[in-house]
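Nothing in this text is a laboratory measurement; each read-out follows from the coordinates by a stated rule. From a predicted model like this one, the values you see are computed outputs, not experimental measurements. Cβ atoms come from the backbone with ideal geometry, glycine included; neighbour counts cover every protein chain shown.
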Amino acid sequence: MDGNRHMTLVGALQVLADLRRDQVVVTTMSAAREWQRLVDHPLDFHYVPSTMGGGLALALGIALAQPQRDVIVLSGDGSLLMNLGSLVTATASKGHNLTVIVVDNGVYETTGGQKLVTTSCPIDLAGMALAARFASVAEFDNLDAWKEGAAAALTQPGPRFIVLKVAPASGDYTLDAPGPMADRIKAFRAALEK
């Protein structure tokens, strides 16, 4: 683990799981794998199989359709890079109830751990979110800081953008679908209607 990556994905997600109440949580890629191991909640939607970069757009649609609910999307850095235009769409929509959490591990984890180009040419994802005019932007690169700052970051004006710098998983690149999509959509719709 390099000096800037002091969190594991599971540790970072556990902090969020401990704070989670009744928010909708949309997960993609490696975050989907670990979140469904940590949490079983009717307002979770594991976007698996998914298109890289599609999670933010899906979460934004839910946030706009359900303005009374907070919606969190857990996206990977590789996924975000596949659809950077979604940042501007999220802010232009004024989705005050949307939180984008980017898991920045520097690799395409679910496709085999290939390094992102950003490992040799670092980019500032938080800076991109600021440039896209997110109302609140935060970045955490160690677990203690995330534990201390998570609650405040999640209650800032929205849309919110949070970067969690984590170590890539070593060797566990599997991503199992959490069941048939049609069944998951039906259960998720029922939970939203409550």
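Straight Cα distances below 12 angstrom link K165 to the aspartates and glutamates D2, D77, D104, D124, E139, D141, with same-chain residues fewer than 8 positions distant left out. The distance between label points at A187 and K94 comes to 3.7 nm (points 7 Å beyond Cα on the Cα→Cβ vector).
Working from Cα pairs under 8 Å separated by at least six residues, relative contact order for the range 127-170 is 47 percent. Database remark: amide H of H46 closer than 5 angstrom to the amide H of T27 (H placed geometrically; neighbours at sequence offset of 5 or more, or on other chains; Pro and chain starts carry no H).
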